[in-house]
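Down below is the structure, laid out as structure tokens.
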Amino acid sequence: MRSSLRTIAVASLCLLFTLAASASAQEPEHIDIASRRELFVDRYLIADLNGARLRLHQPRDEGPVLKFDEPWEGPFCGYVTVIKDRDKYRFYYRGLPKAGRDGSGGETTCYAESADGIHIVKPRLNLFAVNRSKSNNVILAGAAPVHHNFSPFLDTRGGVQEGHRLKALGGTQKSGLIAYVSADGIRWRKLQEEPVFTRGLFDSQNVAFWSAAEQCYLCYFRTWTGTGFAGFRSVSRTTSKDFLHWSDPEEMSFGDTPREHIYTNQTHPYFRAAHIYLAIAARFLPGRQILSGEQAKKVNVNPNYFKDCSDAVLMTSRGGNIYDRTFMEGFIRPGIGLQNWVSRSNYPALNVVQTGPDEMSLYVQHDYAQPSAHLRRYSLRLDGFASVNTPYAGGSMTTKAFIFQGKELLLNFATSAPGFIRVEIQDADGKPIVGYSRKDSRELIGNYIEHPASWRGRTDVSALAGKPIRLHFVMKDADLYSVMFIE
């Protein structure tokens, strides 16, 4: 009996060592960041936080920029997309004066544009007659159900022909997702008559883009966790090499976090770090009623649209079917005033765009199902979604071991007047490298989008390129938003 137990114990130990060795063999010894910009929106690069934390920043409300006040637009406008295309910012959204079934004949796709992302105009395009007049900003009409959730993107894949440089998907469960292409972003045509993808419910905005990191097209689309329209509103994704033939869908994972309704996912590559996908999603809370019936009458909201509420959350992904939900807190909270606490308001537009030398903007729908429905602009510093933050008492952050390519280390950071950041470069085992220790590091003070780290007046780190290192940041009353090695 004892011999048998010993045999079982030895076999179990061997199995454990084998599994450990296998796991070790699969895990890379270090991360290769090359010369990519790395944001601290997750713990991808972080090994240790000591007296420091990851801090979610709240965008600043810059006010209304686009009113949905034309007769063909109305209180049920939705599913906004913004695209920075050469010298223009293009805005796309559903026009819907009266609520109806998804894909109803009353829906159109509307268009607006801007030279700076701040001052937006609605051109009279004279393309489609609505209410017997072509004097409007409609780019699709009579194409139900595509314009229920028509969502375009700028195709950044190399070698794309001019007539296909903008692409879009739209449709419902009944129709499947129909593909469109355009050269100018205003005149669109079907890529083919048949839907390119049918395996989803699609009762929301279904977004696509070319991923340089994964070398394929990605589409993130609406699914539910239960059968049919049951359970939680969720997200799945599919991939394609040609935008016509798509893979079997994969349900997105949200890690070990509480399940929530994700209404629009708005997943897209960040324009300064395309390997990081941002998802500024609408979090929907069905049945969480804030307004009474009397209050709903006062704000003049449609009586069917005030018994729920929603806000915006920040999720990220680095590819595959995984969302990182480092931050469960609200990214954009509903504003002051009961009109902000109605059903299906506070829905973010797709994409974040740069609108100044040190500023980026995102856009959010407000006052849904109300005559005052409109789009507002919110601003952040570049890379400013989240940061490694330390209080006045100070703290530190150490990265995982990684290799890089480049000559200088640039930091995006802000300190208070007495605050600072010092950068120590360590070897893979955590030992300070001679000449790059904390004592050698120059104390960084100020507020910069890009500022080089230096050691005794030297910024050149090219001798360490390709070698496994760690960065150790010692900080006081400071925020570190991103790091990047450059030539």
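The values are calculated or read from the model by the stated rules, or taken from the named source; none is laboratory data. Everything numeric here is computed off the predicted structure, so don't read it as measured data. Positions of Cβ are backbone-derived with ideal geometry, glycine not excepted, and every protein chain shown enters the neighbour counts.
Just checking, how many residues over segment 187-220 are basic (Lys, Arg) and in a strand (DSSP E or B)?
Final tally of qualifying residues: 2.
Between PHE254, PHE232, PHE243, which is crowded, with 21+ Cβ neighbours inside 10 Å and in contact with a strand residue (DSSP E or B) (Cβ under 8 Å, 6 or more places away or on another chain)?
Unique residue meeting the criteria: PHE243.
Of the residues ALA349, ALA369, which single one is touching a strand residue (DSSP E or B) at 6+ places or on another chain (Cβ under 8 Å), surrounded by 20 or more Cβ atoms within 10 Å (Cβ to Cβ) and touching a residue at least 60 places away in the same chain (Cβ under 8 Å)?
Only one candidate qualifies: ALA349.
With among the β-branched types (Val, Ile, Thr) and touching a helix residue (DSSP H, G or I) at 6+ places or on another chain (Cβ under 8 Å) as the only criterion, which of ILE421, ILE433, ILE449, ILE469 stands out?
Being among the β-branched types (Val, Ile, Thr) and touching a helix residue (DSSP H, G or I) at 6+ places or on another chain (Cβ under 8 Å) holds for just one of ILE421, ILE433, ILE449, ILE469, which is ILE433.
Do the conditions hold for ILE486, that is, is it buried (at least 18 other Cβ atoms within 10 Å of the Cβ), closer than 21 Å to ILE276 by Cα and within 28 Å of the chain's Cα centre (by Cα)?
Judged against the criteria, ILE486 is not a match.
Can ALA296 be described as within 22 Å of LEU382 (Cα to Cα) and at pLDDT 95 or above?
Taking the combined requirement at face value, the residue does not satisfy it.
Please go through segment 227-252 and pick out each residue that is under 15 Å from PHE284 (Cβ atoms) and aromatic (Phe, Trp, Tyr).
PHE229, PHE232
Looking at segment 395-410, I want the residues that are under 22 Å from ASN447 (Cβ atoms) and have a partner that is among the charged types (D, E, K, R) and modelled with pLDDT of 95 or more with Cβ atoms under 9 Å, at least 6 apart or on another chain. Which pairs are those?
Within 9 Å, the pairs are GLY395/ARG53; GLY395/LYS476; SER396/ASP48; MET397/ASP48; GLU408/ASP460; LEU410/ARG37; LEU410/GLU450.
Could you please find all residues in segment 128-157 being surrounded by fewer than 16 Cβ atoms within 10 Å (Cβ to Cβ) and modelled with pLDDT of 95 or more?
ALA129, SER133, LYS134, SER135, THR156 - these are the residues of segment 128-157 that are surrounded by fewer than 16 Cβ atoms within 10 Å (Cβ to Cβ) and modelled with pLDDT of 95 or more.
Taking ASN340 as the residue in question, decide whether it is part of a loop (DSSP other than H, G, I, E, B), assigned by TED's automatic domain parsing to the domain that holds GLN205 and modelled with pLDDT of 95 or more.
no
So which residues in segment 168-213 are within 16 Å of HIS245 (Cβ to Cβ) and charged (D, E, K, R)?
Selection gives GLU193, GLU194, ARG199.
Could you check segment 45-137 for strands (runs of 3 or more DSSP E) lying wholly inside it with 3 or more residues that are assigned by TED's automatic domain parsing to the domain that holds ASN346 and over 21 Å from the mean Cα position of the chain (by Cα)?
Because the criterion is at least 3 residues that are assigned by TED's automatic domain parsing to the domain that holds ASN346 and over 21 Å from the mean Cα position of the chain (by Cα), the strands (runs of 3 or more DSSP E) in segment 45-137 that meet it are 60-67, 108-114.
So which pairs qualify, if the first residue must be in segment 201-228 and within 21 Å of ARG318 (Cα to Cα), the second must be of a type in the set (D, E, K, R) and surrounded by fewer than 21 Cβ atoms within 10 Å (Cβ to Cβ), the Cβ gap must be under 6 Å, and the two must be at least 6 apart or on different chains?
Final answer for the pair search is TRP210/ASP155; TRP210/ARG157; CYS216/LYS241; ARG222/ASP203.
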